[in-house]
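A quick write-up on the structure given underneath.
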Amino acid sequence: LDSLIHSADRLIAQVSKPLGKKVSLKMTGSWVTVHKTLLNSIYEPILLLVRNSIEHGIETPLIRERSGKKETGHLSILSSFQNDTLRLIVSDDGRGLDFGLIREKAVAKGIFSQDEIHSKTNEELAQLIFEPGFSTLGGFSSRGERGLGLDVVKKSLEKMGGKIQLVSTSSYGTSFELLIPVNNELSPLSKQERKKHLQKEEEEKLKLIDEVSDYLERFSLAIHAMNDQESSASAYEAYRLAHLMKGLCSVIGWN
C-alpha cells in the first residue's frame, strides 16, 4: 500500500494549496501488501476520501486556531489485514459533519418528515452523505460540497463485497472505516520480505500504543468535562476518541 502514500501526498499538495490550507498525512500499515487488482480497486475510493477531507473537513489555519486547534490539519490512513479482511481507516481532525444542517436538508428534500427527523440518530443521518449528490452545504449539488463522490466510494466498496461506515462530530473530525474481504488476494511474500515487514509492524505497534495512550488521556478529560458541564460537545469528543481508540487497538491486534 506504499503507493497510496505517494498519490495521497501529491493530492494533498495539489488540493490544499489553492484553498490556503495546511495538511499533514500519516499512514500506518503501508507495508501491507495486496494483489494489484485489489489495489487498483481501492485506489480511487481512498483518494476520494482524502480529497473530501481536505476540501470539506479540514479548516483553514485561521479557523482552526480560533477553534483551539493546531493550524495544520491532520489526516491519517490506517491499514491492517487479518484472515480474509483488509481494514482501512481514513480520519481527519476537521470540522466534522453538520448534523443540524443535514437534518434541515433531509426534511427540505422530503427524505424524512419533520416528525421522523427528530427520532433519527447522528449515525443514521450520517448515512445520507452516501446518497448520490447529497451535500451538507447545498443540499443536492452537482459539484464541490461535502458528500460529493461518497456515493461512488460506497458503490465501489459494495462491488468488492465490502462496506464503509463512519463516525463524525461537528467539531472534532470524521473517520471513515472500510472493511474489504480479500479472500486469496494477498500477494505472496518471500521470507526476507516478511521479516522486513514484521520489523516495520513492531515499530508501528509501539507508535500506535503511544497514540492510544494520548487518546485515552484526552478521552478522560472529555468525560470529566462532560460530567462537570453536561456539554454535548464534550460528549461528542469522547465518542469520537472512543471510536479512534477502537480502530487503533484493532489495527494493533490485527497487525
Carbon and sulfur %, accessible surface of the chain computed with the full protein complex present, 1.4 Å: 51 percent
In degrees, nearest 10, range 0 to 90: what is the angle between the Cα axis of helix 36-52 and the longest Cα principal axis of the chain? 30 degrees
How far apart, in nanometres, would the label points at Val152 and Gln165 be if each is projected 7 angstrom from Cα along the Cα-to-Cβ direction? 2.6 nm
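For Ser7 and Glu116 in the same chain, what is the full-extension length gain: residue separation times 0.36 nm, less their Cα-Cα distance, in nm?
Details: separation 109, 0.36 × 109 = 39.24 nm, distance 4.21 nm.
Length gained between Ser7 and Glu116: 35.0 nm.
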Dipole size in debye (nearest 20) for region 1-149 around its Cα centre, Lys and Arg Cβ +1, Asp and Glu Cβ -1? 500 debye
Would you kindly find the accessible area of Phe134, with a 1.4 Å probe and non-protein molecules such as ligands, DNA and RNA excluded, rounding to the nearest 10 Å²? 0 Å²
Between Tyr43 and Lys26, how many nm apart are label points set 7 Å from Cα along the C-beta direction? 2.8 nm
Burial order of peptide ranges 242-248, 62-68, 74-80 (average beta-carbon count within 10 Å, highest first): 74-80, 242-248, 62-68
Subtracting the Cα-Cα distance of Ser67 and Gln127 from 0.36 nm times their residue separation yields 19.0 nm
Using a probe radius of 1.4 Å on heavy atoms only, what accessible surface per residue do you get for the chain? Whole Å² is fine. 51 Å²
Just name one of Phe130, Pro61, Trp31: the one whose Cα is farthest towards the positive end of the charge dipole of the chain (beta-carbon charges, Lys/Arg +1, Asp/Glu -1). Trp31
Need one number for the chain: average projected area of the convex hull over its C-alpha atoms, nm². 14.4 nm²
Flagged links, alpha-carbon separation over 30 Å, of Lys69/Lys195; Lys159/Lys246; Lys17/Lys109; Lys155/Lys205; Lys163/Lys207; Lys69/Lys159: Lys69/Lys195; Lys17/Lys109; Lys155/Lys205; Lys69/Lys159
Under 1.5 on a/c is rounded, so check that first for region 13-79, then, if it is not, pick prolate when a/b is larger than b/c and oblate when it is not; a ≥ b ≥ c are the square roots of the alpha carbon gyration tensor eigenvalues. prolate
Among Ser30, Ser119, Ser168, which one shows the biggest mean-square fluctuation in a GNM of the chain, springs joining Cα atoms closer than 10 Å? Ser119
Rule-of-thumb check for region 1-116: C-alpha Rg over 2.2 N^0.38 Å? 1.27
In Å and on Cα atoms, what radius of gyration and Dmax does region 54-105 show? 15.0, 45
Which order do the peptides 123-129, 208-214 take when ranked by the mean count of other beta-carbon atoms within 10 Å per residue, highest first? 123-129, 208-214
Only bridges whose two residues both fall in the chain count here: according to DSSP, what percent of them are antiparallel, nearest 5? 80 percent
Using a Förster distance of 45 Å, how high is the FRET efficiency between Val107 and Ala225, based on the Cβ-Cβ distance and rounded to 0.05? 0.90
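The values are calculated or read from the model by the stated rules, or taken from the named source; none is laboratory data. Predicted model, so just to flag it, every value in this text is computed and none were measured. Don't worry about glycine lacking a Cβ; one is built from the backbone with ideal geometry, like all the others, and counts go over all protein chains shown. Ligands, DNA and RNA are excluded from the accessible area calculation, which covers all protein heavy atoms including side chains. Shrake-Rupley method; radii C 1.70, N 1.55, O 1.52, S 1.80 Å.
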